[in-house]
Amino acid sequence: MDVLRIRGGQPLKGTIRASGAKNACLPIFAATLLTEETCVIENVPDLSDVRFMARILEAMGAEVERPEPNTWKITAKEVATRAPYDLVRKMRASVCLLGPLVGRMKSAEVSLPGGCVIGQRPIDLHLKGLSKLHCDVDVRNGYVFVDAKAAHGGHVFLGGRHGSTVTGTANIVMAAVLTPGITRIDSAACEPEVVDLCKMLISMGAKIDGVGSHALTIEGVEALRGTTYRVINDRIEAGTYLLAAAMMESDVRVEGAEAEHMSALLDKLEEAGLDYTIEAVDAIRVRGQRCNLKPVDVITLPHPGYATDLQAQMSTLMSVTPGLSIITERIYPNRFMHVPELQRMGADIAIEGPSAIVKGRKQPLSGAPVMASDLRASAALVIAGLAAEGETWVQRIYHLDRGYEKMEEKFKGLGAEIDRIDDADMPRDDETMA
Ligand code: EPU
């Protein structure tokens, strides 16, 4: 298994580019099942989750080609209606096959995804939404069975205890675009990735009004056509690079960073006193100076609020920003698996219910072997390692590879000392760690 070895403390200088957005790409890949014509998807990040989604589509009958490293061509002439447990359990996002199967095939058997390390992730809102489209929905033997032969438009409210649901909205939109009649979704998620999916569907001939708002109106059409569509850039990846640059001596231009998609993060960085400039619609430059920031309190919320997928990285920044900050998680109240690992590097963080109370220190964190537990926790540990004194070894980086394309090469381009090596080459406890 690979690990990342990081020798921290190097200043970061130069340009780094965010790839296409994983969380836009996965439902967009699923949406290719809505037509028998070919869809060409561009700006696709080279990630294990994306490759896995392509394998699922193949297993369900689609022809999948990759003419260029970041372009995929998908043609789904035939589509199976069953997505088995073996595939779905490995990647939660495969639950967004439900909508396209209901829309096109009028029938779906999709395995329930099972547990998730970042907290409870039910799909009750997805199922409620399909019922409101007059589908017959049944859950048994670990599967969701949907009979949509009599489906027609309806009024769906998708708000839950933690706000609206991103993949739930994607599912209901994908079901509704080929369901006769008018569907209205209230409390729809308005994350840029949902907007991107809607734009892709519109380019296929779908009729969707209110894109980008919490109220979507969809008029079902009989069939959709193929499309060529370019996925948006990854705001979470770009945000991770901005937060990394904020932690140390740096002069970094982050490209593929649309300020329009990141206002909550930029607002917090401004409040913290970070020197940054929006240089283009998709480029932000940061000039970081270690310890020059003020602590800020952050609450994660659905878009346009502060993204939960940037919470762990912000906790890392706050752990080296002198003073007290409170980071509250409203989307996944237990999403703090990075905290014990950051503590091993010297961070002073206490968890109180859904909040992390961070006492930022003046001196840098100190390098240590740490264990990644999920995608964003891994990113937080990498940026902690970049800013730390000494060597950090981040283990289980297959989590990182699910959502960040060649992160170590990108940071290397900024002057970081970071290498991917085999864990057999890690020093053992009785060897000296620098
Ligand atoms: N929820 C329900 N019932 C539902 C669906 C969701 O109660 O039927 C709750 C969830 O438990 C959670 C909240 O609502 O507390 C939000 O969940 P949502 O459905 O919006 O999350 P998701 O669609 O499963 C996507 C991203 C996540 C990201 C969340 C929140 C993808 C593939 N995943 O998940 O990304 O954290 O939205 O923005 O788009 C990541 O990339 O690291 C990641 C976890």
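Of the options Ala416, Ala347, Met426, report the single residue whose Cα projects farthest towards the positive end of the charge dipole of the chain (beta-carbon charges: Lys, Arg +1; Asp, Glu -1).
After comparing all options, I get Ala347.
Report ³J(HN,Hα) in whole Hz for each residue of region 308-324, in order, from the Karplus equation J = 6.51 cos²θ - 1.76 cosθ + 1.60 where θ = phi - 60°; Gly and Pro get x.
4, 6, 10, 6, 5, 5, 5, 4, 5, 4, 5, 6, 10, 10, x, x, 10
Please report, to one decimal in angstroms, the Kirkwood hydrodynamic radius of region 1-128 built from all distinct Cα-Cα pairs.
16.3 Å is the Kirkwood radius here.
Only Lys, Arg, Asp and Glu count, each charged at its Cβ (+1, +1, -1, -1), so figure out the dipole size of region 22-230 about its Cα centre, rounded to 20 debye.
Approximately 360 debye in magnitude.
Could I get the Rg over Rh figure for region 208-302? Both from C-alpha atoms, Rh via Kirkwood, rounded to two places.
Looking at region 208-302, the ratio lands at 1.13.
Please compute the net charge surrounding Ile284, taking Lys and Arg as +1 and Asp and Glu as -1 over other residues with Cβ under 10 Å from its Cβ.
With Lys, Arg at +1 and Asp, Glu at -1, the net is -2.
Can you compute the FRET efficiency between Glu279 and Ile299 using 1/(1 + (r/R0)^6), with r the Cβ-Cβ distance and R0 = 30 Å? Round to the nearest 0.05.
Calculated transfer efficiency: 0.55.
Just to verify a number: FRET efficiency for Lys149 and Ile326, C-beta to C-beta distance, R0 = 41 Å, to 0.05?
That pair, Lys149 with Ile326, gives E of 0.20.
Within region 174-213, which residues have the backbone N less than 12 Å from the label spot 7 Å out from Glu219 along Cα→beta-carbon, could you tell me?
Zone members listed by number: 181-183, 206-209.
With +1 on each Lys and Arg Cβ and -1 on each Asp and Glu Cβ, how big is the dipole of the chain about its Cα centre, in debye rounded to the nearest 20?
My answer is approximately 660 debye.
Between Glu63 and Asn141, what FRET efficiency follows from the Cβ-Cβ distance if R0 is 45 Å, with the result rounded to 0.05?
Efficiency, from the Cβ-Cβ distance: 0.90.
Would you kindly compute the Cα radius of gyration of the chain and its largest Cα-Cα separation (Dmax), both in Å?
Values for the chain (Cα only, Rg and Dmax): 21.8, 69 Å.
Loop only by DSSP, 16 or fewer other Cβ within 10 Å of the Cβ. Give me the GluC sites (Glu not before Pro) in region 337-434 that pass, ordered by residue number.
Sparse-neighbourhood loop GluC sites (Glu not before Pro): Glu431.
In deg cm²/dmol, rounded to 500, what helix-only [θ] at 222 nm does the chain give when every DSSP H run of at least 4 residues adds -39500 (n - 2.57) and the total is split over its residues?
Rounded to the nearest 500, it is -7500 deg cm²/dmol.
At what distance in angstrom do the alpha carbon centres of region 18-33 and region 142-218 lie from each other?
Rounded to whole Å, the Cα centres lie 16 Å apart.
So which trypsin sites (Lys or Arg not before Pro) in region 87-188 pass both tests, a DSSP loop state and at most 13 other Cβ atoms within 10 Å of the Cβ?
Qualifying residues, ordered by number: Lys149, Arg161.
Of Thr38, Gly160, Ser213, which is farthest towards the positive pole of region 22-230's charge dipole, taken about the Cα centre with +1 and -1 on the beta-carbons of Lys, Arg and Asp, Glu respectively?
Positive-most Cα among the choices belongs to Gly160.
With N set to the residue count of region 290-434, report its C-alpha Rg divided by 2.2 N^0.38 Å to two decimal places.
Here the answer is 1.03, to two decimals.
First obtain the Kirkwood hydrodynamic radius of region 22-230 from its Cα pairs, then insert it into the Stokes-Einstein equation at 10 °C and 1.306 mPa s, and state the resulting D in µm² per second as a whole number.
Estimated via Stokes-Einstein, D reaches 96 µm²/s.
Cα to Cα, under 16 Å, and not fewer than 8 places away if on the same chain: which aspartates and glutamates meet these conditions relative to Lys90?
Those aspartates and glutamates meeting the cut-off are Asp49, Glu58, Asp374, Asp401.
If you plug each phi of region 157-162 into the Karplus form 6.51 cos²θ - 1.76 cosθ + 1.60 with θ = phi - 60°, what whole-Hz ³J(HN,Hα) values come out, in order, with x for Gly and Pro?
Residue by residue, region 157-162 yields 10, 10, x, x, 4, 10 Hz.
Which lysines, on any chain, are close to Lys362 with Cα under 28 Å apart, when same-chain ones fewer than 8 places away are left out?
Lys362 reaches Lys13, Lys268, Lys294, Lys410, Lys412.
Residue separation times 0.36 nm, minus the C-alpha to C-alpha distance between Cys116 and Glu409: what's the value?
Value of the extension gain: 102.6 nm.
If the chain between Glu270 and Arg420 were fully stretched, how many nm would it gain, using 0.36 nm times the residue separation less the Cα-Cα distance?
Taking Glu270 through Arg420 to full extension adds about 50.7 nm, to one decimal.
Cβ under 15 Å from Lys207's Cβ, Lys207 left aside: what net charge do those residues give with Lys, Arg +1 and Asp, Glu -1?
Local charge sum for Lys207: 0.
What number comes out for the charge environment of Lys268, summing +1 per Lys or Arg and -1 per Asp or Glu over other residues with Cβ under 13 Å away?
-3
Only Lys, Arg, Asp and Glu count, each charged at its Cβ (+1, +1, -1, -1), so figure out the dipole size of region 350-434 about its Cα centre, rounded to 20 debye.
Its charge dipole is roughly 540 debye.
Could you work out the equivalent-ellipsoid semi-axes for region 228-355, taking the square root of 5 times each eigenvalue of the Cα gyration tensor, largest first, in whole Å?
Values for region 228-355, descending: 24, 18, 12 Å.
Restricting to region 1-107, what percent of DSSP beta bridges are antiparallel, rounded to 5?
If I count the DSSP bridges inside region 1-107, around 100 percent turn out antiparallel.
More than 13 angstrom separation, counting every C-alpha pair in region 296-366; what % is that?
For region 296-366, the share of Cα pairs beyond 13 Å comes to 58 percent.
Taken together, the values in this text are just the output of simple stated rules run on the coordinates, not laboratory data. The structure presented is a predicted model; accordingly, all values stated were derived computationally and were not measured. FYI the Cβ positions are ideal-geometry reconstructions off the backbone, even for glycines, and counts take in every protein chain you see.
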